[in-house]
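This report refers to the structure that appears directly beneath it.
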Amino acid sequence: MAAVLDVQNLTMDFGGLRAVNDVSLSVQEGQIVSLIGPNGAGKTTFFNCVTGVYNPTRGAIHICPPGKKQQKINGMKPNRITERGLGRTFQNIRLFQNMTVLENVMIGRHSRLNAGILGAILRGPSTKKEEYQVKEDSYRILEKIGLTVFANELAKNLPYGAQRRLEIARALATDPFLLLLDEPAAGMNPQETQDLIRLILTLRDTEQLTVFLIEHDMSLVMSLSENIFVVDYGSLIAQGSPDEIKQNQRVIKAYLGEVVDA
Amino acid sequence: MNVQYLLNLLMSGLTKGSIYALIALGYTMVYGIIKLINFAHGEIYMIGAFTALIFASLLHYMGVNMILILVISMAFAVVFASGYGIIMEKIAYKPLRDAPRLSALISAIGMSLFLQNYVLIIQTERFLPFPRLIPDFPFLAPIQSFISSRQIVILAVTLVVMVFLSILIKFTKIGKAMRATSQDKTMSLLVGINVNKVVSVTFLIGSATAAIGGVLIATYMGQINYKIGFLAGIKAFVAAVLGGIGSIPGAVLGSFILGLTESLGTGYISSDYEDVFAFLFLILILTFRPSGILGKPETQKV
Amino acid sequence: MKPLNKDLFNMKRLKVSLAMAFWLSVVTFPIMVIKINTINDTVIWRWGNLALIVILGLFGSYIWNYALDRMKERKGESNRLKETLSGLYQRLRSNPKVKKPVLAAVVLVIAAFPFITSMYSTSILTTALIYVVLGLGLNIIIGLGGLLHLGYAAFFAVGAYTYALLYQYFQIDFWIALPLGGLFAFLFGLLVGIPVLRLRGDYLAIVTLAFGEILRIILNNWGPVTGGPDGISRIPRPSFFGIDLKLQGSINLTYYIMVLMVVITIIVVRRLEDSRIGRALEAMKEDEVAAEAMGIDIMKSKLTAFALGSMWAGFAGVVMAAKTTKVTPDSFGLMESVIVLCIVVLGGMGSIPGILLGAFIFKIVMEYFRVFAMYRMLIFGAVLVIMMVFKPDGLIPKIRRKYTVEKEGA
């Protein structure tokens, strides 16, 4: 079986700066995997290459939606990649602040709807049905994430933890097979993090998702991940199960700096 | 190919470019600091020209020497135009500093309409003849067919202003504060920079250079009316964007490119389409370099 | 006790105002007081103006600062009067007993207007309606798409010249020119939009301005085809199914055409806002990167907003040409674009009733206050500044729609 995400020799340069250096990795269907590394290691840049925000300098990115053929997505625009089933959240929350929670999720449904300009203006039966359906679907997603109480609040008025969850709800609305979460637990308290862990597990099981996440919270990473990739200075320095990673000397060195022998 | 014709066109292009540069500097500095397209900036230039006309006439009736008139009336134009600039900022822009950009832009358009009509009502709607304050220098007689004394003065004054500004921004304390504020307003406040003062000084300098431009163009063209600020303002804005708005060398470069394009376009193609050349050139440049020639591309942190 | 900022009298404010009046009178001194008569070389000193500035400066500055203080105090606090009013409005709107008769009365007045007033009033109202359509069209671009457009008048010109030229060279009828005007403006929107829409904010503003001016200058100079600065005249007013109407009849017909067009535009804009396309535009305006990650094609959305908005200017242009029977390049300059922009922002960006009100106030006040012609633009400029400082959301701010979902089992 092909990997849902297969990245070969990905390199991304900004001017003279190499943010991602020759990274190859693959993610299997149904897994929860993490990408970790010190600040500035190139994790978010890696995500941005995969989701089309940046066009990588070199390398190949292939996706393989379950039950479909493998395809290359390098250089595609982000919206095309989302249409193909990659949903993502943002590290520095990027909700539509002045829209309601429900509307944020409805926007996520965009690529799964068909109404065009004429449909919108004439508002025929199919458009009406679609509009009804999108509201229902979006509300169901809010139920799953536990945000229905806020449905008609503006996104900017939500507490921080709820904003992070709304990012996930919105990504879910795009019907992804692979969910990319960029630091979903950042700024959460331990209780919220525990809830988030349960949520991610539930989503993986009920929605048949593959989850790929960037995270600094090691308790979350270690308890969720089946496979962990570690990057430092743009290069992949280790990969393996949580136990393997905990023992890996290079990883420890990357996080703690040069260990001086006592 | 007629070399003299070409040289004349180049000279008049450079002269025009100088004037644009003097106005464009204000645009670009204000934009750098508060991210506002100051639509009313062209009116400051017009007010500078009117103030100079008023004082020049007064002094002329008193029988003062021409060169002295030029210097004194220019000084008055600078002082009063700066006053207008600072008051304008206090009224129309300061309360809107944290408002959406569109609100500030509309406020600037309102200010522009107000100032234009203020001069129309209080002064006149007619074209006023502006005295020729720059005499023909005798030492220029041999090369007069290439360059006139007025052109020399305009180029020289522009050069002096540029050098002065560069020194001010590079080496003085207020210059450093201005650069810091244009990078990050909040951080500048935190490190103790008086942002209100910086903004006022920026308007003061921008208005002063615009007023100098106003006086120079008025004596070059020989007449002024309340409308001259509008088109000149738009052109200078085009020049500032062309060079990369927010960048001071960009504004100067953009202005000279614009002046030369217009001059050569009118000289060799058609004078009916003078403004079209400027605008077409702008569109062309921005299509290939969306942030202007010397502008830094806007990077968005994702 | 320290006087509060919201108190009407405040010593500090008085001092500030005195200083402001002083500086104003100094700065405005040359232009306000001295007037040079360059023909017979005399100087007129107008000391009365100085007194005027001192008084206006003192009072104006005091009231200005008082209003600013009041606004700061009120920030965060909800405005009870406003809430009561909008609540009352909502209740009246949803009450069928009130809604139906009011609606009927409005329809009746609009329908009967040409017969109960003069031809002159009908004509002015028609112009106001044209500006309503222009405002609503520009609102699609700015309000929905968030694209700062300073060359909107060019698309108005495309519509007007479409009819004028098609009539002059092919004797094409108004009714055929009407859809063609919209179509050409739409296509021109696509043509302009494709190269410029990747520019952001202020760069987009200046490039749209440039396109607008280029078109105007070409119309002005391409004499053999467009008639140059004199434009094209003797364009026929609309006919009614081939029947030639008298002047009164065709003026009334133009009025009804515009009423219908406004109604259609309102319906289209409302449906567009409340649709997949409208939501996508709103999201794009909020955050382009996030919108793209949600599967929205940014370029396509911008082009949609730009070309659709332009199309309405095209329709309005055809009617304008038919109404005035004459087109000249000067009617489509930058000032025209700015006026439409101001109508949208003054009325309330994104708010349909706001734009209606904005267009009516602007056109009708401008028309009936011809007596004060000199002061009209001065006041207009001042009003723009005052509105932006004190009421930036416009006269009737946009009300957000709410989606409701039936809860399970309910």
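The values are calculated or read from the model by the stated rules, or taken from the named source; none is laboratory data. What you are looking at is a predicted structure, and each value in this text was computed from that prediction instead of being measured. No Cβ is skipped: glycine too gets one built from the backbone with ideal geometry, and neighbour counts run over all protein chains shown.
Observations on the model:
- Exactly one residue out of B:Ile245, B:Ile228 is out of contact with any His (no Cβ under 6 Å at 6 or more places or on another chain), within 10 Å of chain C (Cβ to nearest Cβ) and under 29 Å from B:Thr51 (Cβ atoms): that is B:Ile245.
- Within region B:277-293, if we keep just the residues that are facing chain C (nearest Cβ under 7 Å) and more than 18 Å from B:Gly17 (Cβ to Cβ), the residue that is modelled with the highest pLDDT turns out to be B:Ile283.
- Region B:102-157: number of residues that are among the charged types (D, E, K, R) and over 20 Å from B:Ser12 (Cα atoms): 2
- Hey, A:Asn98 within 7 Å of another protein chain (Cβ to nearest Cβ) and touching a His at 6+ places or on another chain (Cβ under 9 Å) or not: no
- Candidate set: region A:79-93, residues that are at the interface with chain C (Cβ under 7 Å from one of its Cβ atoms) and closer than 19 Å to C:Ser301 by Cα; chosen: the one surrounded by the most Cβ atoms within 10 Å (Cβ to Cβ): A:Thr82
- Condition met for A:Pro125 (in contact with a Ser or Thr (Cβ under 7 Å, 6 or more places away or on another chain), more than 16 Å from A:Leu179 (Cα to Cα) and more than 7 Å from every other protein chain (Cβ to nearest Cβ)): no
- In region C:261-316, the residues that are of a type outside the set (A, V, I, L, M, F, W, C), at the interface with chain A (Cβ under 8 Å from one of its Cβ atoms) and in a helix (DSSP H, G or I): C:Arg271, C:Arg276, C:Gly278, C:Arg279, C:Glu282, C:Glu286, C:Glu292, C:Thr304
- The set of residues in region B:47-101 being over 27 Å from C:Phe390 (Cα atoms) and hydroxyl-bearing (Ser, Thr, Tyr) consists of B:Thr51, B:Ser57, B:Tyr61, B:Ser73.
- Filter result for C:Ile386 (away from every other protein chain (no Cβ under 14 Å) and part of a helix (DSSP H, G or I)): no
- Qualifying residue in region C:354-367 (condition: more than 30 Å from A:Leu95 (Cα to Cα), away from chain B (no Cβ under 14 Å), free of Cβ contacts under 8 Å to residues at least 12 places away in the same chain and assigned to a helix (DSSP H, G or I)): yes
- Breaking point among (1) under 22 Å from B:Gly233 (Cβ atoms); (2) within 14 Å of chain C (Cβ to nearest Cβ), for B:Pro129: (1)
- Among (1) under 19 Å from C:Arg279 (Cβ atoms); (2) surrounded by fewer than 15 Cβ atoms within 10 Å (Cβ to Cβ); (3) more than 8 Å from chain C (Cβ to nearest Cβ) - the single one A:Gly146 does not satisfy: (1)
- Remark: pairs (first residue in region C:20-33, in the same structural domain as C:Asn65 (by TED's automatic domain parsing); second residue of a type in the set (Lys, Arg) and assigned to a helix (DSSP H, G or I); Cβ separation under 9 Å; 6+ apart in sequence or on different chains) = C:Met20/B:Lys90.
- Residues of region B:118-158 that turn out to be in a helix (DSSP H, G or I) and in contact (Cβ under 8 Å) with a residue 40 or more places away in the chain, as a count: 9
- Considered as a group, the residues in region B:61-76 that are touching a helix residue (DSSP H, G or I) at 6+ places or on another chain (Cβ under 8 Å) and more than 9 Å from chain C (Cβ to nearest Cβ) include one that is surrounded by the fewest Cβ atoms within 10 Å (Cβ to Cβ), and that residue is B:Leu68.
- Counting only helices (runs of 4 or more DSSP H) that sit completely within region C:145-259, those holding 1 or more residues that are farther than 21 Å from C:Asp330 by Cα correspond to C:152-170, C:174-196, C:201-221.
- Every residue from region A:42-56 that is touching a Leu at 6+ places or on another chain (Cβ under 9 Å) and assigned to a loop (DSSP other than H, G, I, E, B): A:Thr51, A:Gly52, A:Pro56
- Yes/no for C:Leu199 being assigned by TED's automatic domain parsing to the domain that holds C:Ile130, surrounded by fewer than 23 Cβ atoms within 10 Å (Cβ to Cβ), closer than 19 Å to C:Gly146 by Cα and at pLDDT 90 or above: no
- Elements of the type helices (runs of 4 or more DSSP H) sitting completely within region C:37-131 and holding at least 2 residues that are over 30 Å from C:Ala21 (Cα atoms) and either modelled with pLDDT of 85 or more or not aliphatic (A, V, I, L, M) (or both): these cover C:80-94, C:96-116.
- The set of residues in region A:150-190 being part of a helix (DSSP H, G or I) and either modelled with pLDDT under 90 or more than 12 Å from every other protein chain (Cβ to nearest Cβ) (or both) consists of A:Phe150, A:Asn157, A:Tyr160, A:Gly161, A:Ala162, A:Gln163, A:Arg164, A:Arg165, A:Ile168, A:Pro190.
- With respect to the conditions (1) surrounded by fewer than 24 Cβ atoms within 10 Å (Cβ to Cβ); (2) closer than 9 Å to C:Gly314 by Cβ, C:Gly181 falls short on a single one, namely (1).
- Among (1) within 14 Å of another protein chain (Cβ to nearest Cβ); (2) part of a loop (DSSP other than H, G, I, E, B); (3) surrounded by fewer than 20 Cβ atoms within 10 Å (Cβ to Cβ) - the single one A:Glu29 does not satisfy: (1)
- Residue in region A:53-65 that is surrounded by 15 or more Cβ atoms within 10 Å (Cβ to Cβ) and within 14 Å of chain C (Cβ to nearest Cβ) present: yes
- In the set (1) more than 14 Å from chain C (Cβ to nearest Cβ); (2) in contact (Cβ under 8 Å) with a residue 24 or more places away in the chain, A:Phe47 fails one condition alone, (1).
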